[in-house]
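This report concerns only the one structure given below.
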Amino acid sequence: MVFLIAGCTFGRPELYYPSGITLNPNTGDIYVSDSSNNRIMQYRYPYESSWGTVVAGGNGYGYNNTQLSNPVGLYFDSSTNSLLIANKDAHNIVRWVLGASNWTLVAGSNNGIQGTTSTLLSFPNDVILDSMGNIYVADGGNSRVQFFLAGQSNGTTIAGVTATPGGNAILLSSPSSLVLDRQLNLYVSDTGNQRVQKFTRL
């Protein structure tokens, strides 16, 4: 069976290009990146209504810390009751604590600057955490995956080569989504190459 959880089938849609989704495993609530509306929506379990609540952004497109700019990938961090958001057009990863009115910077620029250095990002598509709080970012515009130790803003490239898209075994092209398994092997949706790559933990 199929159930409508978010948005609508007919009439005025609530969502506009939804692109990311994450789950709060403690409550069952889901969070959706409503990308073209520059906001994150919450849908409460047991999803009795397909109308959600804005929990992040919703203040127009922009780079200040109350706004989002084409948010895409999402990750719910249960240890801090917050959302990590790949804030794509702002070239950063931000943390939005549920109930707060603004984000704090996790990685990348806080004023919309993109770049190829270890502290900058370019159109990040996804973000995930491991059990130690380390952060992994699909840095789409740089065709790489960046690894940030917990609490650090200086990243290390662990997959791909910075600003070098390609199709051989060590290169990526516009990576868009990330998953870790229990052994911390990394799976990358290598969108530009029409494939999924596995990178084993060193």
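The 3J(HN,Hα) values that the Karplus relation (6.51, -1.76, 1.60; θ = phi - 60°) gives for region 101-110 are, in residue order, 9, 7, 9, 10, 6, 10, 8, x, 8, 9 Hz. Gly and Pro appear as x.
Taking the beta-carbon count within 10 Å as an exposure proxy, list Ile170, Ile85 from fewest neighbours to most.
Ordered from fewest to most neighbouring Cβ atoms within 10 Å, Ile170, Ile85 come out as Ile170, Ile85.
Amide H contacts of Thr119: Gly155, each under 5 Å away and 5 or more positions distant or on a separate chain (H built 1.01 Å from N in the peptide plane; Pro and chain starts excluded). Here the average projected area of the convex hull drawn through the C-alpha atoms of the chain stands at 11.7 nm².
The alpha carbon centroids of region 140-202 and region 75-110 are separated by 20 Å. Exposure here means at most 15 other Cβ atoms within 10 Å; with trypsin sites (Lys or Arg not before Pro) in a DSSP loop as sites, the longest stretch of the chain lacking them is 45-181.
Taking chymotrypsin sites (Phe, Trp or Tyr not before Pro) in DSSP loop conformation with at most 14 other Cβ atoms inside 10 Å as exposed sites, the chain has its longest uninterrupted site-free stretch at 52-202.
Take every Cα pair under 8 Å in region 114-202 that's 6+ residues apart, average their separations, divide by the length, and report that relative contact order as a whole percent.
This gives 21 percent for region 114-202.
Evaluated at q = 0.19, 0.20 Å⁻¹, a Debye calculation over the C-alpha positions of region 9-92 (equal weights, vacuum) places log10 I(q)/I(0) at -0.80, -0.87.
Remark: region 191-196, residue by residue, has Karplus-estimated 3J(HN,Hα) of 4, x, 9, 6, 7, 10 Hz, where x stands for each Gly or Pro and the curve is 6.51 cos²θ - 1.76 cosθ + 1.60 at θ = phi - 60°. For region 114-202, the fraction of alpha-carbon pairs lying more than 16 Å apart is 45 percent, rounded to a whole number.
Sorting Met41, Met132 by the number of Cβ atoms found within 10 Å of their own Cβ, with the fewest placed first, yields Met132, Met41.
Where a number appears in this text, it was derived from the coordinates with a stated rule and is not lab data. A quick note: this is a predicted structure, and the numbers were derived from the prediction, not measured. Using ideal geometry, Cβ is built from the backbone for each residue, glycine included, and neighbour counts are taken over all protein chains shown.
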